[in-house]
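Comments concern the structure below.
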Amino acid sequence: AYDLQAGNENIAHDISITATKSGCSDSDGLWDMYIVGEDGLTKFAVAPTVTSVTPATGAAAGGESVVIAGTGFATGATVAFGGTVAANVVVNSATQITCNTPAGTGTVQVTVTVGGKTSAENVEFTYS
């Protein structure tokens, strides 16, 4: 289910949509959702979500192999640790990515971007 809030993506009222994809395939692993209103056809993309990063700590020098869990992952996804792009990003499935951490310090937010949409959850990685 996706909750759409007023003010986002030209939505006038809060709504919740539950959709199931079955019996079809898209080469990029993404699917588009369309809402048809009085003004015609409106298309929007759904941002990926990040639910965890394992391990959640690693060396400041970077290069740590991590597994990112979430939803909406697809070929071409990018991963960032505190805004710094990760290396060797592999999308294993729509719910799992593996990559190597960039160098960094402190505790940073891990984000995934797919199709121009970036995850907004507060999943963190701590450099030690």
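The values are calculated or read from the model by the stated rules, or taken from the named source; none is laboratory data. Bear in mind the structure is a predicted one, so any value in this text is a computation, not a measurement. For neighbour counting, all protein chains shown are included, and Cβ atoms are generated from backbone atoms with ideal geometry for every residue, glycine included. Each accessible area value is taken on the protein alone, full model and side chains, heavy atoms only, with ligands, DNA and RNA left out. Shrake-Rupley method; radii C 1.70, N 1.55, O 1.52, S 1.80 Å.
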Search the range 116-128 for residues being open to solvent by less than 50 Å² (accessible area, probe 1.4 Å) and outside any strand (DSSP E or B), and hand back the single one that is farthest from residue 62 (Cα to Cα). 119
Just need a number here: residues in the range 57-72 that are within 17 Å of the chain's Cα centre (by Cα) and either charged (D, E, K, R) or open to solvent by 40 Å² or more (accessible area, probe 1.4 Å) (or both). 2
Here are the criteria: (1) more than 15 Å from residue 123 (Cα to Cα); (2) touching a residue at least 12 places away in the same chain (Cβ under 8 Å). Tell me which single one residue 90 does not satisfy. (2)
Residues of the range 91-115 being β-branched (Val, Ile, Thr) and open to solvent by 20 Å² or more (accessible area, probe 1.4 Å), which ones? 91, 95, 98, 105, 107, 108, 111, 113
Within the range 73-85, is even one residue open to solvent by 70 Å² or more (accessible area, probe 1.4 Å), touching a residue at least 24 places away in the same chain (Cβ under 8 Å) and within 10 Å of the chain's Cα centre (by Cα)? no
Taking the criterion of being part of a strand (DSSP E or B), at pLDDT 95 or above, at positive phi and not acidic (Asp, Glu), would at least one residue in the range 92-115 satisfy it? no
